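Okay, structure first, notes after.
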Amino acid sequence: MRVLVIGGTLFIGKALVQSLLKAGHEVTVMHRKNRHKLAKKVKNLMADRNDPAAVEAAIAGQRFDVVFDNVYDWERGTTVEQVMGTARALGAGLSRYVFMSSVAAYGDGLNHQEGDALAPDHHADAYVRNKAMSERALFRYHQRTGFPVVTLRPPYVYGPENPFYREQFFWDRMRAGRQIVIPGDGRRLMQMVYVKDVVAACMAAMDTPGINGHAFNVASPRPITQEDLVLAMAAAAKKKVKLVNVPRTRLLRSGGNVMKAPLYFATYYDLPPITEVINKAQRILKLKPTPLAEGLRETYLWYLRNFKRPKQDYSFEDAMLASVKRAPETKVS
């Protein structure tokens, strides 16, 4: 099939392109540069997906069977109008349009199923608002015109080539023998998904019959606490780790951040919990989630081969660690 991947040069998109090529598909990527570092057989379209006119101009004369819309602009946001501009421009002749949404589209709460209400249009968080509004608009478009949309809602995606400072945040500190700050009691829930499982869901969403107009939760089957996640990362690296619980209020009042420096925990990894049920994806897309321990081991091996520790300023962390009693050593076998 002729497949367009919008944003196919990083993380999920890059892994998806590799899977598509392996499966024998003809692949084109659309991004903001006039070249890419992917396989030579991958065609390139240059356009800013936040500019519907540029997207329409870039695809003039092109026809695709399947489109994967993977891009969100973290600096400017990607609005419902921009998503719908892309969908309308690419709609003719499509058999499937796979939109990468997020568990964040639910807004808040635990154990969400796909039929649950999404966050309202006036939600305070732009990312939550944009994902929820985009899904609603795409499904309305499907109802009116038959547009063949399928949406995927992953939570925290981890794995090789993660562009966010997440897994590396912890492994950098473990390798340096540093203590790890744990916000509060460390019991806040997180739900993870291995990048290869997201790609497997994308591949299944291409041609599974009867799923146009459907959303799918794509994740590991069970949430994990922040503390247990850090211990799992230590186990994958076969490192001893020292955890220090610091009250979240102290971290925040002192200027700590999970979005930008000074980070007190990995990027975005200390947000209010949102979790989901994945039975539908397991049943229909045949999703078989990778065990967390296995996914982390593979990711750690990639990290070791590509070890590039950014220059760190640990002064904020040191101040927080000094403000509480030193934690006992936790041994990891």
Legend entry - GNM result for the chain, Cα springs below 10 Å: residue of Pro291, Pro155, Pro209 fluctuating most strongly: Pro209
Legend entry - Across Lys37/Lys239; Lys240/Lys260; Lys196/Lys311; Lys239/Lys308; Lys43/Lys280, pairs whose alpha-carbon gap is larger than 24 Å: Lys37/Lys239; Lys240/Lys260; Lys196/Lys311; Lys43/Lys280
Legend entry - Calculated FRET value between Asp228 and Met259, using beta carbons and R₀ = 35 Å, to 0.05: 0.90
Legend entry - Positive minus negative residues near Ala89 (Lys, Arg vs Asp, Glu; Cβ under 14 Å): -2
Legend entry - Kirkwood Rh in Å, taken over the stretch 267-317 so that all alpha-carbon pairs contribute: 14.9 Å
Inset, instruction - Quick one: work out the % antiparallel among DSSP beta bridges in the chain, nearest 5. - result: 10 percent
Inset, instruction - Can you tell me the alpha carbon radius of gyration of the stretch 76-214 divided by the globular rule-of-thumb value 2.2 N^0.38 Å? - result: 1.23
Legend entry - Dipole magnitude (debye, nearest 20) for the stretch 73-145, charges at Cβ of Lys, Arg, Asp, Glu: 380 debye
Legend entry - For the stretch 233-297: rounded, prolate or oblate by the Cα gyration tensor [a/c cutoff 1.5]: oblate
Inset, instruction - Provide Thr9, Thr151 in ascending order of the number of other Cβ atoms located within 10 Å of each residue's Cβ, fewest first. - result: Thr9, Thr151
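Only the coordinates and a few stated rules stand behind these numbers; no lab work does. These figures come from a predicted structure and were not determined experimentally. FYI the Cβ positions are ideal-geometry reconstructions off the backbone, even for glycines, and counts take in every protein chain you see.
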